[in-house]
Amino acid sequence: MIVRPRWADFKVIGLYTGKVIVGVGLLMVIPLATSLLFREWNPAIDFFLGIGACLAFGFGLEILCQTSRDMAWGHGLVVVSFSWFMATILGAIPHYLSGHFSSYLDAMFDVMSGYTTTGLYLLQDLDHVSHGFNMWRHVLTFAGGQGIIVIALTFLFQGTAGAYKIYVGEGKDERLLPNVIQTTRAIWLVSLAYLMVGSSFLWIAGMSLGQGPVRGFLHAVWIFMSSWSTGGFAPQSYNSIYYHSLLYEVITVPIFVIGSFNFALHWAVWTGEKREIYRNIETISFFTTVAIAMLLAMAGLMKLNVYPDIIALFRKMFYQVVSAHTTTGLGTIYSRTFVRQWGTLAMLGIILAMAIGASACSTGGGFKGIRMGIIFKGLIQDVRRLISPESARIVEKWHHISTRLLDDATVRMAMLIVLSYAGIYALGTVAGVYYGYDLVEAMFDAVSAGSNSGLSCGVVSPTMPTLMKVVYLFEMWAGRLEFMSLFALAGYLVALFRGR
Amino acid sequence: MRIVIDRKEKSWLLNGRLKCLWLAFAIAVKVFLVILSGPALGEAAMPQISLNPDYTFPTKDTPSGVEVNSASLVENTSAWNGHVVAFTGEAIGEAMVRGNMAWIHLNDDAYMWKNIEEGAPLGGYNSGHAVWIPADLAMKIRVFGDFKHEGDVVKIVGRFHAACPKHGGDMDIHASTLEIVRVGHPVRHVFNTSRAILAGFLLAVAFALHRIRIIVRRRHTL
């Protein structure tokens, strides 16, 4: 029997959603300050308006839904998916008011792309947007990378009752410290420490490349935010091509590789467990699949003889593959270059890299290295079972922070999530093919959206059909939250109409 | 017999395993290089991806210095490779000077004459091209396009590289001449009063709701 949710359930969901939306409103203070600093008055008004709307909505919801009832698992998951949805609608206010979008849906697409650290965008005339608006785009992606729930937990929640339930709903289930609030603060501590160091390097690099100190600083902060959160946004339409610099590439690659690693791995290394880097199933999986994707891309590029020498070939291939595999989406080639120069085989290498994606409990998306490792070990275990005597007990181990025995339930759970990802990749691909796009091109952008990568071969554009925008938006949302929260929201909606 | 490996040895073994992985990867790369070498590296790229007829491409009668747009260069990259082309666009961002040379970026999109901040209709993404040019020519550009400026529109003539050997495979144009077609100008933003009033109203509502929330929460906890 399906139990219909009661008003008391909605009050719990509303109360916590309100808190998260207040958090989104407070985030807008950063771009507002930027706009005021650079005397960009109209964008500043847009941010005041956005802040007012978020705070009014958030406080209003908290007043309506005041309750002391404890949060259940179902509530936590629904809070996450509903908060992300409302945060997208309200976060899109400054976007839409900027005048750079064809519709509110396009503005929502960009906000969802930011929160989910995807990096695809429908914004038009990026090269003439204000510093404040560019700051908002990158703050969105930086905050989204850590998780907007993590932000709310860090700054707005008092007490830890129910906190873990919504923390898990955002696709993060690692407890670095015993208390979940301490864990979220640790995530922020790690991110802010890297922000200061990484931005400083990029700032110095930018000035050595011919940028002025102010523009160099802004670009450094934005590119760091984009790289670290594996976002893929950039302040210029040329993306990373704009810098024409090996130095910039050498600095950004480690940032997005480190950003794509599990926060638990970061914490282990920070607390002295350096050997975890070599032992962790995710790092082993990452380096293995990166190597496979590189070989595929290299084969494609060599077949078409795209680059004049092996160094240029390796530089371009390495940056694009690692950017794809970490689901960052920064690129040193034009979008259409994938189709018009790289060709199908190299594109398949990039698709593979994007589909597998980053680590669990990181800022990245995709199947995740841990699941690839578990499924591979499950396969090995099954093969060993097949060739061993029936009485033999085959034990397979996997290491992630601690060494564990592999059981069927773990493999099944990993398979379920991977199949769900494959489902949304297929959904986006079918939508693209339906509207007349080439199969590989449709697959490329669909996988990019579903894995929150952000590389595009030209399918995503402001003129693409509305239904495709909706499908991609859904892909980004589902992929980032790793489905469970969306399943819970769908379950709630079904229960609302069919429950007793 | 149980073999005991102490921490130091284990660490060495793990590092050794990693070295083996990298060695295997290097060997695999080498094998790929041998098997898939096809036309020798360094030879002129052969256009193996068919031309896109929706965009212009050069024929044997195409003169040197022909005017071309960025979309055609990207869509028919191999065909244009090595040709001397003329390219016109709005200078955006900044000139990044590197020694005697500089990088500039020219946009030939729907906003090159008037951008959205000045009231131009939406016309899709930005598109343009990167240009490698002598620094003294780049210094002729006075205004670069950004939020507060519509940049100079300039015309350059130079050789197009699909994958420049000098710049790590970047797609670029090495320009030898630059001509200012239109001087840029500051963009005048009109203060949006009605939007400011609405923002003030919303903030006042939010503040009132915040006060009410405190009272409601206090009552609830009593």
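Scan the stretch B:136-150 for residues that are of a type outside the set (Asp, Glu) and at the interface with chain A (Cβ under 9 Å from one of its Cβ atoms) and the total you get is 4.
Looking across the stretch A:1-48, just one residue is aromatic (Phe, Trp, Tyr) and open to solvent by less than 20 Å² (accessible area, probe 1.4 Å), and that is A:Phe47. Exactly one residue out of A:Arg4, A:Arg39 is in a loop (DSSP other than H, G, I, E, B) and within 24 Å of A:Met135 (Cβ to Cβ), and it is A:Arg39. Only a single item in (1) more than 9 Å from chain A (Cβ to nearest Cβ); (2) hydrophobic (A, V, I, L, M, F, W, C); (3) touching a Lys or Arg at 6+ places or on another chain (Cβ under 9 Å) is not met by B:Ala120, and it is number (1). Taking the criterion of being more than 8 Å from every other protein chain (Cβ to nearest Cβ), in a helix (DSSP H, G or I) and either touching a strand residue (DSSP E or B) at 6+ places or on another chain (Cβ under 7 Å) or open to solvent by 20 Å² or more (accessible area, probe 1.4 Å) (or both), would at least one residue in the stretch B:154-170 satisfy it? The answer is no, given that none of the residues of the stretch B:154-170 is more than 8 Å from every other protein chain (Cβ to nearest Cβ), in a helix (DSSP H, G or I) and either touching a strand residue (DSSP E or B) at 6+ places or on another chain (Cβ under 7 Å) or open to solvent by 20 Å² or more (accessible area, probe 1.4 Å) (or both).
In the stretch B:181-222, how many are outside any loop (DSSP other than H, G, I, E, B) and of a type in the set (Phe, Trp, Tyr)?
The initial filter retains those residues of the stretch B:181-222 that are outside any loop (DSSP other than H, G, I, E, B), namely B:181-182, B:185-186, B:193-221.
Then drop every residue that is not of a type in the set (Phe, Trp, Tyr), which leaves B:201, B:207.
Number satisfying all stated conditions: 2.
Name every residue in the stretch A:285-295 that is closer than 18 Å to A:Ala358 by Cβ and either more than 9 Å from chain B (Cβ to nearest Cβ) or open to solvent by less than 70 Å² (accessible area, probe 1.4 Å) (or both), in order of residue number. Spell out how you get there, then give the answer.
Restricting attention to the stretch A:285-295, the residues satisfying the condition of being closer than 18 Å to A:Ala358 by Cβ are A:285-294.
Those that are closer than 18 Å to A:Ala358 by Cβ and either more than 9 Å from chain B (Cβ to nearest Cβ) or open to solvent by less than 70 Å² (accessible area, probe 1.4 Å) (or both): A:Ser285, A:Phe286, A:Thr288, A:Thr289, A:Val290, A:Ala291, A:Ile292, A:Ala293, A:Met294.
Contact map, the stretch B:152-172: first residue at negative phi, second residue outside any loop (DSSP other than H, G, I, E, B) and among the charged types (D, E, K, R), Cβ cut-off under 6 Å, separation 6 or more or different chains; pairs are B:Val153/B:Glu90; B:Val153/B:Arg182; B:Lys155/B:Glu179; B:His161/B:Asp172; B:Cys164/B:Asp172.
Residue-wise test of (1) within 10 Å of chain B (Cβ to nearest Cβ); (2) part of a helix (DSSP H, G or I); (3) open to solvent by less than 10 Å² (accessible area, probe 1.4 Å).
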| site | (1), (2), (3) |
| --- | --- |
| A:Gly50 | yes, yes, yes |
| A:Ala53 | yes, yes, no |
| A:Gly58 | yes, yes, yes |
| A:Arg69 | no, no, no |
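Can you say whether B:Val181 is at the interface with chain A (Cβ under 10 Å from one of its Cβ atoms), touching a residue at least 60 places away in the same chain (Cβ under 8 Å) and either open to solvent by 20 Å² or more (accessible area, probe 1.4 Å) or under 22 Å from A:Gln236 (Cα atoms) (or both), as far as the supplied structure shows? No. Yes or no: the stretch A:332-348 includes at least one residue that is away from every other protein chain (no Cβ under 11 Å) and more than 22 Å from B:Ala162 (Cα to Cα). Checking the stretch A:332-348: not a single residue is away from every other protein chain (no Cβ under 11 Å) and more than 22 Å from B:Ala162 (Cα to Cα). Filtering the stretch A:262-295 down to residues that are part of a helix (DSSP H, G or I), of a type outside the set (A, V, I, L, M, F, W, C) and without any contact (Cβ under 8 Å) to a residue 12 or more places away in the chain, which residue is farthest from A:Gly366 (Cα to Cα)? Only one residue tops the list, namely A:Tyr278.
A count restricted to the stretch A:242-251 and to residues that are surrounded by fewer than 22 Cβ atoms within 10 Å (Cβ to Cβ) and within 7 Å of chain B (Cβ to nearest Cβ) stands at 1. Is it the case that the stretch A:407-420 has a residue that's closer than 22 Å to A:Gly114 by Cα, in contact (Cβ under 8 Å) with a residue 40 or more places away in the chain and open to solvent by 50 Å² or more (accessible area, probe 1.4 Å)? No: the stretch A:407-420 contains no residue that is closer than 22 Å to A:Gly114 by Cα, in contact (Cβ under 8 Å) with a residue 40 or more places away in the chain and open to solvent by 50 Å² or more (accessible area, probe 1.4 Å).
Scanning the stretch A:296-331 for residues that are at the interface with chain B (Cβ under 9 Å from one of its Cβ atoms), open to solvent by less than 10 Å² (accessible area, probe 1.4 Å), in a loop (DSSP other than H, G, I, E, B) and at negative phi yields one hit, A:Tyr307. Just checking, which of A:Ala324, A:Ala299 is among the small types (Gly, Ala, Ser) and free of Cβ contacts under 8 Å to residues at least 60 places away in the same chain? Exactly one of A:Ala324, A:Ala299 is among the small types (Gly, Ala, Ser) and free of Cβ contacts under 8 Å to residues at least 60 places away in the same chain, namely A:Ala299. Among the residues of the stretch B:191-217, those identified as of a type in the set (A, V, I, L, M, F, W, C), open to solvent by less than 100 Å² (accessible area, probe 1.4 Å) and at pLDDT 95 or above are B:Ala196, B:Leu198, B:Ala199, B:Leu202, B:Leu203, B:Ala204, B:Val205, B:Ala206, B:Ala208, B:Leu209, B:Ile212. The criterion of being touching a residue at least 40 places away in the same chain (Cβ under 8 Å), away from chain B (no Cβ under 13 Å) and crowded, with 21+ Cβ neighbours inside 10 Å holds for A:Phe233.
The set of residues in the stretch A:433-466 being over 22 Å from the mean Cα position of the chain (by Cα) and part of a helix (DSSP H, G or I) consists of A:Val433, A:Tyr434, A:Leu439, A:Val440, A:Thr466. In the stretch B:198-209, the residues that are at the interface with chain A (Cβ under 8 Å from one of its Cβ atoms) form Cβ pairs under 6 Å with partners that are open to solvent by 40 Å² or more (accessible area, probe 1.4 Å), at six or more places apart or across chains, as follows: B:Ala199/A:Phe48. Contact map, the stretch A:427-455: residues that are free of Cβ contacts under 8 Å to residues at least 24 places away in the same chain paired with residues that are of a type outside the set (A, V, I, L, M, F, W, C) and open to solvent by 10 Å² or more (accessible area, probe 1.4 Å), Cβ distance under 8 Å, separation 6+ or inter-chain. Pairs shown: A:Leu439/A:Thr429; A:Ala442/A:Thr429.
When you check B:His220 against the structure, is it of a type outside the set (A, V, I, L, M, F, W, C), within 11 Å of chain A (Cβ to nearest Cβ) and open to solvent by less than 20 Å² (accessible area, probe 1.4 Å), yes or no? Please lay out each step first, then the result.
Numbers: of a type outside the set (A, V, I, L, M, F, W, C): yes; within 11 Å of chain A (Cβ to nearest Cβ): yes; open to solvent by less than 20 Å² (accessible area, probe 1.4 Å): no.
For B:His220, the condition - of a type outside the set (A, V, I, L, M, F, W, C), within 11 Å of chain A (Cβ to nearest Cβ) and open to solvent by less than 20 Å² (accessible area, probe 1.4 Å) - is not met.
The values are calculated or read from the model by the stated rules, or taken from the named source; none is laboratory data. In this text, all values refer to a predicted model and were calculated from it rather than measured experimentally. Reconstructed Cβ throughout: ideal geometry from the backbone, glycine too, with neighbour counts over all protein chains shown. Areas reflect the complete protein model, heavy atoms only, side chains present, ligands, DNA and RNA absent. Shrake-Rupley method; radii C 1.70, N 1.55, O 1.52, S 1.80 Å.
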